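Written out below as structure tokens is the structure these notes cover.
The values are calculated or read from the model by the stated rules, or taken from the named source; none is laboratory data. None of these values were measured; they are calculated from a predicted model. Positions of Cβ are generated from backbone atoms using ideal geometry, with glycine treated the same way; all protein chains shown enter the neighbour counts.
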Amino acid sequence: MKVAWEAAGLPEARRSVAVGTFDGVHRGHLSVIDAARKVGPRTSVVTFDPHPRAVLGGRVELLTTLERRLELFADAGVDDVLVLPFDEELAALSAEDFADQMLRGIGAETIAAGETFRFGRGREGDLDLLQRLGLEVRRVPLLENVSSSRVRELLHAGEPEQASVLLGRPPEVEGIVVRGDGRGRQLGFPTTNLDVPDGLLVPPDGVYAGWALDRRAAVSIGTNPHFDGVERRVEAHLLDFDGDLYGQRLLVEIWSGIRGQRRFDSLEELVAAIGDDVERTRVAMRPV
């Protein structure tokens with residue numbers, strides 16, 4: 001899959017283009033990409049980074065990093081991606097200029113987008129405008145209750161299984177593996193500690209069953225209250241794994257909640273609880 005950050009970076013081609021921010025690449029987003037792919041000739045995506053709302057003064061907790069978004073586009077069969085750096089200059093571009101430079105400029109003949117898609121300065125452009133400008137438009141109906149905002153609500157509510165239904169896959173947390181305190185190894189349950197990118201949504205504190213590196217993982221999110229921790233961390237104990245992952249990017253699926261974070265009366269109780277977490281992780285079911 002070819003990725004470019006300016007229109008001139010893509011090879012010349014006739015294109016069917018899916019347009020949107022696509023944070024999370026959920027089932028609704030995939031239906032837009034599928035609509036573009038069904039038309040042909042060359043399936044392309046035009047997307048934005050950073051998230052437009054973040055640039056325009058809003059706060060957005062991202063469901064996916066740009067790197068993960070691009071991986072999911074590739075999984076969906078996309079041939080090319082144009083990542084438009086969203087800044088004040090792009091935000092000020094008129095809808096007509098956006099269509100001319102960023103869509104026609106890459107050879108777009110057909111545009112697929114959600115039926116409420118808006119673009120250009122002050123969100124003045126819509127799919128009707130694209131039709132008037134001579135582009136073929138595929139309006140993709142919104143899937144009921146499927147949106148990035150709804151996924152965020154479900155994750156904040158501690159409902160990863162329900163979020164999985166909207167995403168079409170389990171929600172994920174990712175980061176670079178960094179050194180922690182080493183307590184997990186001392187207790188017999190070594191963990192990988194993730195340095196999670198700023199702005200990425202992390203589910204509520206608790207212990208979860210999940211998956212990483214092709215194996216099950218018991219995932220702890222929180223401040224480790226038993227040891228009076230203050231820094232919120234994401235730690236994953238990869239079952240039946242012993243290796244050095246420092247410095248590597250790790251993608252962790254969050255399947256289901258096991259228990260909340262708590263302080264135990266003794267170290268022995270903590271170790272017993274972690275052992276139970278591991279056993280419950282062994283039998284947990286991937287939600288989708």
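Can you find, within region 258-288, the residue that is surrounded by the fewest Cβ atoms within 10 Å (Cβ to Cβ) among those that are touching a helix residue (DSSP H, G or I) at 6+ places or on another chain (Cβ under 7 Å) and under 18 Å from Arg169 (Cα atoms)?
Val288
Looking only at region 169-189, filter to residues that are in a helix (DSSP H, G or I) and among the charged types (D, E, K, R); which one of those is nearest to Leu239 (Cα to Cα)? Full working, then the answer.
Pass one, region 169-189, residues in a helix (DSSP H, G or I): 183-186.
Filter once more, keeping what is among the charged types (D, E, K, R): 183, 185.
On the way: Arg183: 17, Arg185: 13 Å.
The extreme case among them is Arg185.
I want to confirm something. Restricting to region 40-60 and keeping residues that are in contact (Cβ under 8 Å) with a residue 12 or more places away in the chain and part of a helix (DSSP H, G or I), which single residue is nearest to Glu6 (Cα to Cα)?
Here the residue is Pro52.
Could you list, in sequence order, the residues of region 210-257 that are in a loop (DSSP other than H, G, I, E, B), among the hydrophobic types (A, V, I, L, M, F, W, C) and either within 23 Å of the chain's Cα centre (by Cα) or surrounded by 12 or more Cβ atoms within 10 Å (Cβ to Cβ) (or both)? Write out each step before concluding.
Taking region 210-257 as the starting set, the residues that turn out to be in a loop (DSSP other than H, G, I, E, B) are 213-214, 223-224, 228-232, 239-248.
Next cut, among the hydrophobic types (A, V, I, L, M, F, W, C) only: 213, 230, 239, 241, 245.
Once the filter is applied, which keeps residues that are in a loop (DSSP other than H, G, I, E, B), among the hydrophobic types (A, V, I, L, M, F, W, C) and either within 23 Å of the chain's Cα centre (by Cα) or surrounded by 12 or more Cβ atoms within 10 Å (Cβ to Cβ) (or both), region 210-257 yields Leu213, Leu239, Phe241, Leu245.
In the set Arg233, Arg183, Arg259, which member is under 25 Å from Leu155 (Cα atoms), modelled with pLDDT under 95 and not assigned by TED's automatic domain parsing to the domain that holds Asp23? Give the derivation first.
Working: Arg183 fails: under 25 Å from Leu155 (Cα atoms); Arg259 fails: modelled with pLDDT under 95.
It is Arg233.
Filter region 176-209 down to residues that are of a type in the set (Phe, Trp, Tyr) and within 20 Å of the chain's Cα centre (by Cα), then give me how many there are.
Residues of region 176-209 of a type in the set (Phe, Trp, Tyr): 189, 208.
Subset that is within 20 Å of the chain's Cα centre (by Cα): 208.
Number satisfying all stated conditions: 1.
If we keep just the residues of region 258-281 that are part of a loop (DSSP other than H, G, I, E, B) and touching a Gly at 6+ places or on another chain (Cβ under 8 Å), which is nearest to Ser164 (Cα to Cα)?
Only one residue tops the list, namely Gly260.
Do you know which of the residues in region 38-60 that are in contact with a Ser or Thr (Cβ under 8 Å, 6 or more places away or on another chain) and among the hydrophobic types (A, V, I, L, M, F, W, C) is surrounded by the fewest Cβ atoms within 10 Å (Cβ to Cβ)?
Val39
Quick check on my filter: what residues within region 194-209 are in contact with a helix residue (DSSP H, G or I) (Cβ under 9 Å, 6 or more places away or on another chain) and part of a strand (DSSP E or B)?
Result: Val207, Tyr208, Ala209.
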